[in-house]
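The values are calculated or read from the model by the stated rules, or taken from the named source; none is laboratory data. The shown structure was predicted, so the numbers you read here are calculated from the model rather than taken from an experiment. Here the Cβ is made from the backbone with ideal geometry for all residues, glycine too, and neighbour counts use every protein chain on show.
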Amino acid sequence: MTTNLLDLDLEGMAAFCEQLGQKRFRATQLFRWIHQKGASDFEQMTDLAKALREKLAVSARITGPKVVSRHESTDGTIKWLFDVGAGDVIETVFIPESDRGTLCISSQAGCAVGCRFCSTGHQGFSRNLTTGEIISQLWFAEHFLRKHLGRDERVISNVVMMGMGEPLQNYSQLLPALKVMLDDHGYGLSRRRVTVSTSGVVPMIDRLARDCPVALAVSLHAPQDALRSDLVPLNKKYPIAELLEACTRYQSAAPRDFITFEYCMLDGVNDQPEHARQLVALMKTHAANGLSCKFNLIPFNPFPASGLVRSQMPQVMAFARILMDAGIVTTVRKTRGDDIDAACGQLAGDVQDRTGVDQRMAAQRQGMLGGIKVVVLSKDAA
Ligand code: SAH
Ligand code: SF4
């Protein structure tokens, strides 16, 4: 069995080169060919001796993801579906903005956490992705986009682990992938431009703080345990107080950074002024211990099996206002890629449930108040 070089971080690549009887610095050369130039064939690597290229051709490969489809939204968002075998499909989404290009990456096929408002959660867990399957989403998208957009320089400036799956329940495969993202010989992204989003796997938040303190987003969704346990079942294992203590510890490893709390706005469930006031009180308590945070309110993207409804925009704004008046930086997430079903929590839903697509899209359109679909709030802008 040949080694897929996309499975290796620089350290792994160096070890692989040694096995081949090569000097470790060859790893840097290989890394740059693969990640910076997008090479998928050893013959392209013209600064490597022919004998080495032949050796590599029999012992290694560079196998990227198998594309099922590509959808482009009118707003420039691009969504790919990748076949990862045995009927599993994962999704990757590129979101262009004026000052950045963000890639949303999947970490698992399905998810075991089972959040009520998430279509991936409703699908259940299939399997962990390998390091190669995680990093190759970036490898593929970056080099595809350079060609597609006719650009020589880097297109993707930010990565968010917010696709399918709970990244911190696939830690051993995630960590080398993060290292490749940050490596100067890989993608050279600064750790503030790589975000791991988690539903709150407390011990792994501590591990990440030690191993690779990238930006952390925590999916909070409720100000008290009973409600959060109902929405995010993992809360029964790691309740809010423990989670926020882990966030505070995380910040000592990543000083000057904020923790971003994501909060999916569900009509009549967690979107009342009372919930916002409870959040303010909660954050005040933990701020005293050193936690600094911002909030990202996500209008719920409905899907039929959830039985939940997107909060009305005035409700979202009133909620944001309470947080902002208490001095908490708050943004309301823009809805992107609506027309291609690329929004949060809908990932790969259309493969598993083709029949639901039209219904879902109709529901989303109804959910958009009077055509208001892009709202960004911050203390400065408000
Ligand atoms: N498992 C990780 C990362 C993937 S989910 C986590 O839960 O953080 C990425 C984000 O999308 C999370 O904040 C999640 O709460 C949100 N999300 C999931 N389903 C959604 C939906 N239907 N509408 C809006 N946001 C959703
Ligand atoms: Fe899993 Fe995140 Fe979806 Fe919850 S929101 S089911 S943790 S992917």
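Among residues of region 277-293 that are of a type in the set (Gly, Ala, Ser), those with a beta-carbon under 6 Å from a residue that is not in a helix (DSSP H, G or I) at least six positions away or on a different chain give the pairs SER292/PHE258.
Residues are listed down the side, and each one gets a yes or a no for (1) out of contact with any Phe, Trp or Tyr (no Cβ under 6 Å at 6 or more places or on another chain); (2) closer than 20 Å to LEU5 by Cβ; (3) buried (at least 19 other Cβ atoms within 10 Å of the Cβ):
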site	(1), (2), (3)
ASP83	yes, no, no
CYS104	yes, no, yes
ILE134	yes, yes, yes
LEU149	yes, no, no
GLU166	yes, no, yes
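Annotation note: Cβ proximity below 6 Å between a residue of region 162-174 that is assigned by TED's automatic domain parsing to the domain that holds ASN128 and in contact (Cβ under 8 Å) with a residue 12 or more places away in the chain and a residue that is assigned to a helix (DSSP H, G or I) and within 8 Å of ligand 2 (Cβ to nearest atom) (sequence gap 6+ or interchain) occurs for MET164/THR120. Scanning region 1-22 for residues that are aliphatic (A, V, I, L, M), part of a loop (DSSP other than H, G, I, E, B) and more than 20 Å from ALA49 (Cα to Cα) yields MET1, LEU8.
Regarding region 174-183, can at least one residue be identified that is more than 14 Å from ligand 2 (Cβ to nearest atom), basic (Lys, Arg) and more than 28 Å from ALA14 (Cβ to Cβ)? Checked against the condition, which is being more than 14 Å from ligand 2 (Cβ to nearest atom), basic (Lys, Arg) and more than 28 Å from ALA14 (Cβ to Cβ), region 174-183 yields no hits at all. Quick check: anything in region 136-158 in a strand (DSSP E or B) and either within 16 Å of ligand 2 (Cβ to nearest atom) or outside the structural domain of ASP341 (by TED's automatic domain parsing) (or both)? No: region 136-158 contains no residue that is in a strand (DSSP E or B) and either within 16 Å of ligand 2 (Cβ to nearest atom) or outside the structural domain of ASP341 (by TED's automatic domain parsing) (or both).
Please tell me if ARG336 is surrounded by 15 or more Cβ atoms within 10 Å (Cβ to Cβ), out of contact with any helix residue (DSSP H, G or I) (no Cβ under 6 Å at 6 or more places or on another chain), closer than 26 Å to ILE78 by Cα and not hydroxyl-bearing (Ser, Thr, Tyr). Yes: the conditions hold for ARG336. One residue is enough: does region 280-296 have a residue meeting the conditions surrounded by 23 or more Cβ atoms within 10 Å (Cβ to Cβ) and either within 16 Å of ligand 2 (Cβ to nearest atom) or modelled with pLDDT under 95 (or both)? Checked region 280-296: no residue is surrounded by 23 or more Cβ atoms within 10 Å (Cβ to Cβ) and either within 16 Å of ligand 2 (Cβ to nearest atom) or modelled with pLDDT under 95 (or both). When the criteria are applied in full, ILE90 meets the requirement of being within 13 Å of ligand 1 (Cβ to nearest atom), aliphatic (A, V, I, L, M) and more than 23 Å from MET265 (Cα to Cα). Has region 103-120 got at least one residue that is more than 12 Å from ligand 2 (Cβ to nearest atom), farther than 30 Å from ASP271 by Cβ and in the same structural domain as ARG192 (by TED's automatic domain parsing)? Among the residues of region 103-120, not one is more than 12 Å from ligand 2 (Cβ to nearest atom), farther than 30 Å from ASP271 by Cβ and in the same structural domain as ARG192 (by TED's automatic domain parsing), which makes the answer no.
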